[in-house]
Amino acid sequence: MEANTMRTQVAIIGSGPSGLLLGQLLYRAGIDTIILDRVDRDYILGRIRAGVLEEGTAALMDQAGVGGRMRTEGLPHDGFDLVYDGEIHRIDLANLTGGKRVLVYGQTELTHDLMDARDAEGLLSIYDADNVQPHDYDGAQPYVTYEENGVSKRIDCDFIAGCDGFHGASRASVPASALQVFEKIYPFGWLGMLSQVPPVSDELIYSNHGRGFALCSMRSKTLSRYYVQCSLEDKVEDWSEDRFWDELRRRLPERFADDVVTGPALEMSIAPLRSFVCEPLRFGRLFLAGDAAHIVPPTGAKGLNLAASDVHYLYEALREHYEEKSDAGLDNYSAKALHRVWNAERFSWWMTSMMHRFPDMSDFDRRIQRAEFSQVVQFEAASATLAENYVGMPF
Ligand code: APR
Ligand code: PHB
């Protein structure tokens, strides 16, 4: 074999949570992987993403042997507050779901834990890889090419896992005629701020207010993550820290607004909101997982959890292939994962629709939105449906 060609069983494109978690699970099943990413570790760890783990996601971290720090530092949450025009309704997750809860643990920390575990086992991850491209996945001998410091390299493999996020090369390599995409863009964004201050409440607060949506979240008891709905035309530079804090407080019920502790911003960024699904998730020996295949608006905290369920199905399918010589799991992967994806898409779209002020809302739309909230308040069955979706369907 030439020096610039390597071989592995599963070539994983993307070193985000999907790629890293898949790599760790496969390693524990004795399956060899190489992970490729176009950026470096620090860049990946610098991205601030959501931080609410379903029990299934946390269990998968345990199964991958990387749940230690998550279990000691993660904050179990039994419920959260939904607010509509100042009216507060607590969703008691634990009571509504027969004892289920979520774990608040930042995606950055989870990614860190996975990278550390991969390093500790001496497994190969190639960062700063340019022009990563999957090839020949319609046949029996797929391979991936990339460039490292200007030198062309190649990895021969049995399978390619496309875990390279929404803008990755994997989905982009599939001819448009072989896939179908479903997409919805929302007419606003979320401006997020991370600040080293104690959270305003022990639980998350989702608030729909006349001035727009606001969310109070956290990373720990001393680190808060807050969001306010903003215009798509807004730039981060338009928002001073004072303006952010002011706007956040105005969108919260008085009970909370008075208690917001302010401090310097460690990070501020604007994210657009999008719903997106690509079908199918399998193209011969290429499998898409996580953000490479689907995006949800962050309102239901489902992005990372959907990545985890894809990885769970894909891992089981690959393990079955190698250990049991059965391809049933690989054949079913797309349909199984997509079933769960569409449930989460519906929930994320619904939470987003109920909790935001849409710029083109008529008075009728506003009354219907309020009635939707009232349903949740009045009917325990409606709250229970919300709670079941929030804690997540079993994998
Ligand atoms: N070649 C190689 N790597 C790439 C390429 C490419 N062409 N394009 C993107 N990547 C890498 C990115 O640099 C990134 O590190 O793929 C990785 C994808 O990671 P994520 O975007 O975090 O996607 P995923 O691992 O599926 O995690 C999903 O991220 O956006 C959140 O809400 C989402 O929490 C969920 C999670
Ligand atoms: C976050 O903490 O960043 C967060 C929490 C819940 C959400 C979205 C984001 O629904």
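Here are the numbers:
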{"read-out": "Selection status of residue 259, among the charged types (D, E, K, R) and not assigned by TED's automatic domain parsing to the domain that holds residue 191", "value": "no"}
{"read-out": "So residue 57, is it in contact (Cβ under 8 Å) with a residue 12 or more places away in the chain, in contact with a Phe, Trp or Tyr (Cβ under 8 Å, 6 or more places away or on another chain), polar (S, T, N, Q) and surrounded by 15 or more Cβ atoms within 10 Å (Cβ to Cβ)", "value": "no"}
{"read-out": "Test: residue in the stretch 117-125 that is farther than 30 Å from residue 153 by Cβ and surrounded by fewer than 20 Cβ atoms within 10 Å (Cβ to Cβ)", "value": "no"}
{"read-out": "Complete set of residues in the stretch 1-24 that are near ligand 1 (Cβ under 6 Å from one of its atoms) and under 20 Å from residue 130 (Cβ atoms)", "value": "13, 14, 15, 16, 19"}
{"read-out": "Residue check, residue 328 closer than 24 Å to residue 61 by Cβ and either surrounded by 17 or more Cβ atoms within 10 Å (Cβ to Cβ) or not charged (D, E, K, R) (or both)", "value": "no"}
{"read-out": "Lone unmet requirement of (1) over 25 Å from the mean Cα position of the chain (by Cα); (2) away from ligand 1 (no atom under 16 Å from the Cβ) for residue 101", "value": "(1)"}
{"read-out": "Single condition residue 43 does not satisfy, out of (1) in contact with a Ser or Thr (Cβ under 9 Å, 6 or more places away or on another chain); (2) within 16 Å of ligand 1 (Cβ to nearest atom); (3) of a type in the set (Phe, Trp, Tyr)", "value": "(1)"}
{"read-out": "Selection within the stretch 90-106 - charged (D, E, K, R) and either over 20 Å from residue 382 (Cβ atoms) or part of a loop (DSSP other than H, G, I, E, B) (or both)", "value": "92, 100, 101"}
{"read-out": "Qualifying residue in the stretch 77-89 (condition: of a type in the set (D, E, K, R), on the phi < 0 side of the Ramachandran plot and in a strand (DSSP E or B))", "value": "yes"}
{"read-out": "Some residue of the stretch 325-332 being within 24 Å of residue 64 (Cα to Cα), in contact with a His (Cβ under 9 Å, 6 or more places away or on another chain) and acidic (Asp, Glu)", "value": "yes"}
{"read-out": "Subset of the stretch 238-278 (residues that are surrounded by 17 or more Cβ atoms within 10 Å (Cβ to Cβ), out of contact with any Asp or Glu (no Cβ under 9 Å at 6 or more places or on another chain) and not in a loop (DSSP other than H, G, I, E, B))", "value": "244, 245, 247, 248, 273, 278"}
{"read-out": "Residue count for the stretch 27-46, restricted to those that are farther than 19 Å from residue 158 by Cα, more than 16 Å from ligand 2 (Cβ to nearest atom) and surrounded by fewer than 17 Cβ atoms within 10 Å (Cβ to Cβ)", "value": "5"}
{"read-out": "Flag for residue 200 being touching a helix residue (DSSP H, G or I) at 6+ places or on another chain (Cβ under 8 Å) and not assigned by TED's automatic domain parsing to the domain that holds residue 14", "value": "yes"}
{"read-out": "Among the residues listed as 347, 395, 358, 379, the single one being within 23 Å of residue 186 (Cα to Cα) and out of contact with any Pro (no Cβ under 9 Å at 6 or more places or on another chain)", "value": "347"}
{"read-out": "Selection from the stretch 107-146 of residues that are among the β-branched types (Val, Ile, Thr) and not in a helix (DSSP H, G or I)", "value": "126, 132, 144, 145"}
{"read-out": "Near pairs, Cβ below 8 angstrom, 6+ apart or cross-chain, from the stretch 99-127 (touching a residue at least 60 places away in the same chain (Cβ under 8 Å) and under 25 Å from residue 34 (Cα atoms)) to any residue that is of a type in the set (Val, Ile, Thr) and surrounded by fewer than 17 Cβ atoms within 10 Å (Cβ to Cβ)", "value": "127/39"}
{"read-out": "Residue within the stretch 307-314 that is touching a Ser or Thr at 6+ places or on another chain (Cβ under 8 Å), within 13 Å of residue 341 (Cα to Cα) and in a loop (DSSP other than H, G, I, E, B) present", "value": "no"}
{"read-out": "Residue identified as within 24 Å of residue 256 (Cβ to Cβ) and not in a strand (DSSP E or B) among 224, 217, 201, 170", "value": "201"}
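Yes/no matrix, rows are residues, columns are (1) surrounded by fewer than 23 Cβ atoms within 10 Å (Cβ to Cβ); (2) at pLDDT 95 or above; (3) within 17 Å of the chain's Cα centre (by Cα):
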position	(1), (2), (3)
8	yes, yes, no
16	no, yes, yes
25	no, yes, no
53	no, yes, yes
67	yes, yes, no
86	yes, yes, no
110	no, yes, yes
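The values are calculated or read from the model by the stated rules, or taken from the named source; none is laboratory data. Since this is a predicted model, take the numbers as computed values, not measurements. Methodologically, a virtual Cβ is constructed for each residue, glycine included, from the backbone with ideal geometry; neighbour enumeration extends over all protein chains shown.
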